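What follows is a short report on a single structure.
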Amino acid sequence: PAWNPPAWAFPLAWIPVKLLQTGAGAVIWGSLGLKVWTWPTVTFAIYTSLADTWNSQFFSKTRLLTGLLLIYAQWFALVSATFAYSFTDRRIGLALLPGVAWLFVAAALNLDTWYLNRGWL
């Protein structure tokens, strides 16, 4: 897309987002007594799994429509994790908001990429 940020902008956005997510995850996990099967940990694990699957489908296999569906599911999972974190500790939930915002931009880029290449799924 014409409005695609330059390549150098992606690591500048993703690295702080991932550092915030990792720190927030560690704090939440610790505050929940290191239990794995809790709403915050499960929703974040689903988000992370969808993110890995999206990377494979969108970049490695160039399946743009599959990538589009996955990134929307990924965004929904991250929003769910943000709510789950916020119910546990509001400040920690706020740490996920930059990721929600950046993933929204990434989803819009994904949509535009698919739209511009509709004949090539």
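The values are calculated or read from the model by the stated rules, or taken from the named source; none is laboratory data. Since we're looking at a predicted model, the values are computed, not measured. Quick reminder, even Gly has a Cβ in these numbers, built from the backbone with ideal geometry, and neighbours come from all protein chains shown. These accessible areas exclude ligands, DNA and RNA; they are computed on the full protein's heavy atoms, side chains included. Shrake-Rupley method; radii C 1.70, N 1.55, O 1.52, S 1.80 Å.
With respect to the stated conditions, residue 81 fails to be over 18 Å from residue 23 (Cα atoms), of a type in the set (Gly, Ala, Ser) and modelled with pLDDT of 95 or more.
Just to verify a result, which residue in segment 1-31, among those that are open to solvent by less than 50 Å² (accessible area, probe 1.4 Å) and farther than 19 Å from residue 104 by Cα, is farthest from the chain's Cα centre (by Cα)? Only one residue tops the list, namely 30.
Within segment 46-74, restricting attention to residues that are among the aromatic types (Phe, Trp, Tyr) and modelled with pLDDT under 95, the residue that is most open to solvent (accessible area, probe 1.4 Å) is 59.
So, in segment 90-106, exactly how many residues are open to solvent by less than 40 Å² (accessible area, probe 1.4 Å) and farther than 23 Å from residue 9 by Cβ?
Here is the first cut: in segment 90-106, the ones open to solvent by less than 40 Å² (accessible area, probe 1.4 Å) are 92-93, 95-96, 99-100, 103, 106.
Within this subset, residues satisfying the condition of being farther than 23 Å from residue 9 by Cβ are 92-93.
Residues meeting the conditions: 2.
This table checks each residue for (1) in contact (Cβ under 8 Å) with a residue 12 or more places away in the chain; (2) in contact with a Gly (Cβ under 8 Å, 6 or more places away or on another chain); (3) outside any loop (DSSP other than H, G, I, E, B).
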{"residue": "23", "(1), (2), (3)": "yes, no, yes"}
{"residue": "36", "(1), (2), (3)": "no, no, no"}
{"residue": "54", "(1), (2), (3)": "yes, yes, yes"}
{"residue": "65", "(1), (2), (3)": "yes, no, yes"}
{"residue": "70", "(1), (2), (3)": "yes, no, yes"}
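Based on what the data block shows, is residue 81 under 30 Å from residue 30 (Cβ atoms), open to solvent by less than 20 Å² (accessible area, probe 1.4 Å), in a helix (DSSP H, G or I) and without any contact (Cβ under 8 Å) to a residue 24 or more places away in the chain? Here the answer is no, as residue 81 does not meet what is asked. Looking only at residues in segment 84-120 that are assigned to a helix (DSSP H, G or I) and of a type in the set (S, T, N, Q), the one that is nearest to residue 2 (Cα to Cα) is 113.
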